[in-house]
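Written out below as structure tokens is the structure these notes cover.
The values are calculated or read from the model by the stated rules, or taken from the named source; none is laboratory data. Given the structure is predicted, the values throughout are model-derived calculations rather than measurements. Positions of Cβ are backbone-derived with ideal geometry, glycine not excepted, and every protein chain shown enters the neighbour counts. To get the accessible areas, we keep the full protein, side chains included, count just its heavy atoms, and leave off ligands, DNA and RNA. Shrake-Rupley method; radii C 1.70, N 1.55, O 1.52, S 1.80 Å.
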Amino acid sequence: MRIIVVGAGVIGLTAAVRLAESGHEVAVLARDLPLETTSAVAAALWYPYLAAPQDLVARWSRASYQQFVALAETEPSVRLRHGRELLVEPRTNPWWIKDVPDVERVGSLPEGFRDGWSFTTPVIEMPLYLAYLSKRLDAAGGTISRAALPGLPTHAEVVVNCAGLGARLTANDQTVTPVRGQTLTVAQTGLSEWLIANHSPSELVYVVPRSQDVVIGGTSEPGDWTMAPDETVAKAMLERAIELVPALRKAEVLRHKVGLRPARPSIRCDSELIGSQQVIHCYGHGGAGVTVSWGCADEVVALINNG
């Protein structure tokens, strides 16, 4: 079966890989190539964030966690790393806790924090991982092409709409809105454990080590389309990170980036018939695109197989 996937971020590429490896003829069409997408900016720690509904996100996240654990055995862009999440107020256990095998309450907390837990989770180095997915798709006979699409293509039996924010156009869905995220990257200083600290929704600190660098964030700004990094915001993010991880103080700043998370009241992953063409919509993943990517890809395959 000939299938066109619209969108070359992590959701589109993962779905395309699953479909191509299932024997379909798959072509990915996208305005932005993989390394130009919001996915390429992501710190990409497996962590369900800014996505609903909870029951489906839980199922898709669980499947993705298991897949990433398996990939970590052979794929260098995926590593299992231990880390901590710190909270300013006590909180009940997160709903995803049963899917992570080693969650423990943090006993010794930094000043200003009253709760927290530690656990091991996949960390995905997105530039390398997107290249891995692209090569895997190529090996399965799939293609990736740049295309400025005014709407969904009509020259395939099935179209999979993974356009992210582009779904405002491809699905005429104005409920998809941006949540701006700004990050900066510094050189590695020997850091191996990640850290998330929830000061407040506007002061979310995360420090995610990768092989050659460390991603520091971040911001969560609903409705903001601004793509230029803000120097004042970057300085504040770095200062908050250094306060919690002093080893970052002497790290060289390498780059600043901004990504627009495609938020929606709930992720859309469903099928509709438009004329004689089956259209699978899979978008609105907010800040959890990587976290649910393999689960959603399996859902896309199932929707196509079920017609």
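The charge dipole of segment 152-307, taken about the Cα centre with unit charges on the Cβ atoms of Lys, Arg (+1) and Asp, Glu (-1), comes to about 320 debye, rounded to the nearest 20.
Here the chain carries DSSP beta bridges of which approximately 70% are antiparallel, counting only pairs with both residues inside.
Here the peptides 290-298, 250-258 are ranked by packing, the mean other Cβ count within 10 Å, and the order with the highest first is 290-298, 250-258.
Considering only segment 21-155, what is the antiparallel percent among its DSSP beta bridges, to the nearest 5? Rounded to the nearest five, the antiparallel share is 75 percent. Computed with a 1.4 Å probe over protein heavy atoms only, the accessible surface of the chain comes to 43 Å² per residue.
The H on the amide N of Leu254, modeled in the peptide plane, is under 5 Å from the matching H of Thr185, Val186, Ala187, each at least 5 residues off or on a different chain. Pairs of Cα atoms nearer than 8 Å and 6+ residues apart set the relative contact order; for segment 185-302 it is 20 percent.
Packing order of peptides 232-238, 120-126, highest average first: 120-126, 232-238 (average count of other Cβ atoms within 10 Å over each peptide's residues). Once you sort the root eigenvalues of the Cα gyration tensor of segment 16-57 as a ≥ b ≥ c, which label holds: rounded (a/c under 1.5), prolate (a/b larger than b/c) or oblate (the other case)? Oblate is the answer for segment 16-57, as a/c is 1.5 or above yet b/c matches or exceeds a/b.
One chain, two ends: Asp224 and Asp32. Fully extended at 0.36 nm per residue, the span grows by 67.2 nm beyond their Cα-Cα distance. Peptides 92-104, 276-288, 45-57, 70-82 ranked from most to least packed give 276-288, 45-57, 70-82, 92-104, packing being the mean of other C-beta atoms within 10 angstrom over each peptide's residues.
Counting alpha carbon pairs within less than 8 Å and at least 6 residues apart, what relative contact order, in whole percent, applies to the chain?
Contact order relative to length: 27 percent.
Computed 3J(HN,Hα) for segment 177-192, one whole-Hz value per residue from the Karplus formula 6.51 cos²θ - 1.76 cosθ + 1.60 where θ = phi - 60°, is 9, x, 10, 5, x, 10, 9, 9, 10, 10, 5, 4, 10, x, 6, 10, glycine and proline marked x. Using C-alpha pairs below 8 Å separated by at least 6 residues, the relative contact order for segment 1-160 is 37 percent. Rounded to the nearest 10 degrees, the inclination of helix 10-21 to the longest alpha-carbon principal axis of the chain is 50 degrees. Listed values for segment 91-108 are Karplus-derived 3J(HN,Hα) couplings in whole Hz (6.51 cos²θ - 1.76 cosθ + 1.60, θ = phi - 60°), namely 9, 5, 4, x, 5, 8, 4, 5, 8, 10, x, 10, 6, 9, 5, 7, x, 10, and x replaces Gly and Pro. Just to confirm my numbers, what's the Cα centroid distance between segment 124-191 and segment 245-307 in Å? What the calculation gives is 8 Å, centre to centre. Only Lys, Arg, Asp and Glu carry charge here, each on its Cβ (+1 for the first two, -1 for the last two); on that basis segment 28-75 has a dipole of about 160 debye about its Cα centre. Karplus-based coupling profile of segment 130-147, in residue order and whole Hz: 5, 5, 4, 4, 4, 5, 5, 5, 4, 5, 8, x, x, 10, 10, 9, 7, 7, with θ = phi - 60° in 6.51 cos²θ - 1.76 cosθ + 1.60 and x standing for Gly or Pro.
Using the beta-carbon distance between Trp95 and Thr175 and R0 = 22 Å, what value does 1/(1 + (r/R0)^6) give for FRET efficiency, to the nearest 0.05? Using R0 = 22 Å, I get an efficiency of 0.40. Of the solvent-accessible surface of the chain, computed with a 1.4 Å probe and all protein chains present, 52% belongs to carbon and sulfur.
Rounded, prolate or oblate: which one fits the chain, using the alpha carbon gyration tensor with axes a ≥ b ≥ c (rounded when a/c is under 1.5, else prolate when a/b beats b/c, else oblate)? It comes out prolate by the Cα gyration axes.
Rounded, prolate or oblate for segment 147-246? Axes are the square roots of the Cα gyration tensor eigenvalues, ordered a ≥ b ≥ c, and the cut-off for rounded is a/c under 1.5.
It is prolate, given that a/c is not under 1.5 and a/b is the larger ratio.
Given a Förster distance of 25 Å, report the FRET efficiency between Glu75 and Glu25 from their Cβ-Cβ distance, rounded to the nearest 0.05. Here the calculated transfer efficiency is 0.50.
Once both labels are positioned 7 Å from their Cα atoms along Cα-to-Cβ, the gap between Ala236 and Ala148 label points is 3.6 nm. The GluC sites (Glu not before Pro) of segment 165-233 that DSSP puts in a loop, and whose beta carbon has at most 16 other beta carbons within 10 Å, are Glu193.
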